[in-house]
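Please read the structure below before turning to the comments.
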Amino acid sequence: MIPELRGLPRGEVLFDMDGTLITNDVAEACLRGLDRRGHRNAVTSGVSAVFEAYGAIADYAEQCRYAALALGGLELGQVDELVDEAFARGEVEPVAAVCELAAHLALTHRTWLLTASPEVLGVAVGKRLGFTRVHGIKLRRRGNTLLPETIGRIPCGLGKVQAAWEMTGRVPLFAIGDSPHDLPLLRHARVARTCGKGAGVEFPAWPTLAAPGGRSG
């Protein structure tokens, strides 16, 4: 499906999630879900609306971190419920062309979902899309309960390149993303594609524009 990959050895292929595999941003959809439920924790207890507080953060990496911290206090089953609700409400949905590409490449390569959203959300989305290898922002847990404390780096921008090395120990064979925050990873991969607003600007589009979304990281 991608001519440049023909003849290359098997390797890692990395897919961004928000705005790439799915439309829009599942973390933002889940923050709105937290507001509907009135869920607060030690980090978000002083805000009237979690989604508005998240949107007021100017730094992208810190915004990503806040979206993860806001999940603290939830059990894993409740996270799955939030993601199910986001799909049911139509706030996010699979991008068929990119998901088809992932399924095709999974026949011969190791596929990863690499996101700047919370890893627990990536795992929940991955169950729907056929991804078993998922890397995102990690939260500490106590049993099945998430704590409002992140672990390790935020995988956005150059952090995605560093995360890719930690995950695979090699240069990715292929990567695809939709936003400027994905460009360091795309430049790092042997072959890359883009979708969303940046499609075709620096890397070829695959194959049509995905619906633009929020953070798209």
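The values are calculated or read from the model by the stated rules, or taken from the named source; none is laboratory data. The structure presented is a predicted model; accordingly, all values stated were derived computationally and were not measured. Cβ: placed from backbone, ideal geometry, glycine included. Neighbour counts: every protein chain shown. Note: areas computed on protein heavy atoms with side chains; ligands, DNA, RNA excluded. Shrake-Rupley method; radii C 1.70, N 1.55, O 1.52, S 1.80 Å.
Odds and ends about this structure:
- Scanning segment 129-163 for residues being more than 15 Å from the chain's Cα centre (by Cα) and assigned to a loop (DSSP other than H, G, I, E, B) gives a total of 3.
- Scanning segment 59-98 for residues that are hydrophobic (A, V, I, L, M, F, W, C) and open to solvent by 50 Å² or more (accessible area, probe 1.4 Å) yields a count of 2.
- Any pair with Cβ under 6 angstrom, 6 or more apart, that starts in segment 1-15 at a residue that is touching a residue at least 40 places away in the same chain (Cβ under 8 Å) and ends at one that is surrounded by fewer than 17 Cβ atoms within 10 Å (Cβ to Cβ) and part of a helix (DSSP H, G or I): Met1/His104
- Meets criteria (in contact (Cβ under 8 Å) with a residue 40 or more places away in the chain, outside any helix (DSSP H, G or I), of a type in the set (Val, Ile, Thr) and open to solvent by 50 Å² or more (accessible area, probe 1.4 Å)) for Thr108: yes
- For segment 166-202, filtered to residues that are of a type in the set (A, V, I, L, M, F, W, C) and modelled with pLDDT under 95, the residue that is most open to solvent (accessible area, probe 1.4 Å) is Val201.
- Residues that are free of Cβ contacts under 8 Å to residues at least 40 places away in the same chain and within 29 Å of Ala42 (Cβ to Cβ) within segment 142-173 comprise Arg142, Gly143, Ile151, Gly152, Arg153, Gln162, Glu166, listed in sequence order.
- Selected residue [farther than 24 Å from Pro180 by Cα, open to solvent by less than 30 Å² (accessible area, probe 1.4 Å), small (Gly, Ala, Ser) and in contact with a helix residue (DSSP H, G or I) (Cβ under 8 Å, 6 or more places away or on another chain)] from Ala124, Ala102, Ala116: Ala124
- The residue that is nearest to Thr194 (Cα to Cα), counting only those in segment 141-165 that are open to solvent by 30 Å² or more (accessible area, probe 1.4 Å) and among the charged types (D, E, K, R), is Arg153.
- Within segment 1-34, the set of residues being under 16 Å from Val79 (Cβ atoms) and either of a type in the set (S, T, N, Q) or assigned to a loop (DSSP other than H, G, I, E, B) (or both) comprises Met17, Asp25.
- Segment 51-79 residues that are within 15 Å of Leu121 (Cβ to Cβ) and in contact (Cβ under 8 Å) with a residue 40 or more places away in the chain, paired with ones that are surrounded by fewer than 19 Cβ atoms within 10 Å (Cβ to Cβ) and among the aliphatic types (A, V, I, L, M) (beta carbon under 6 Å, 6 or more apart): Gln63/Ile57; Gly72/Leu147
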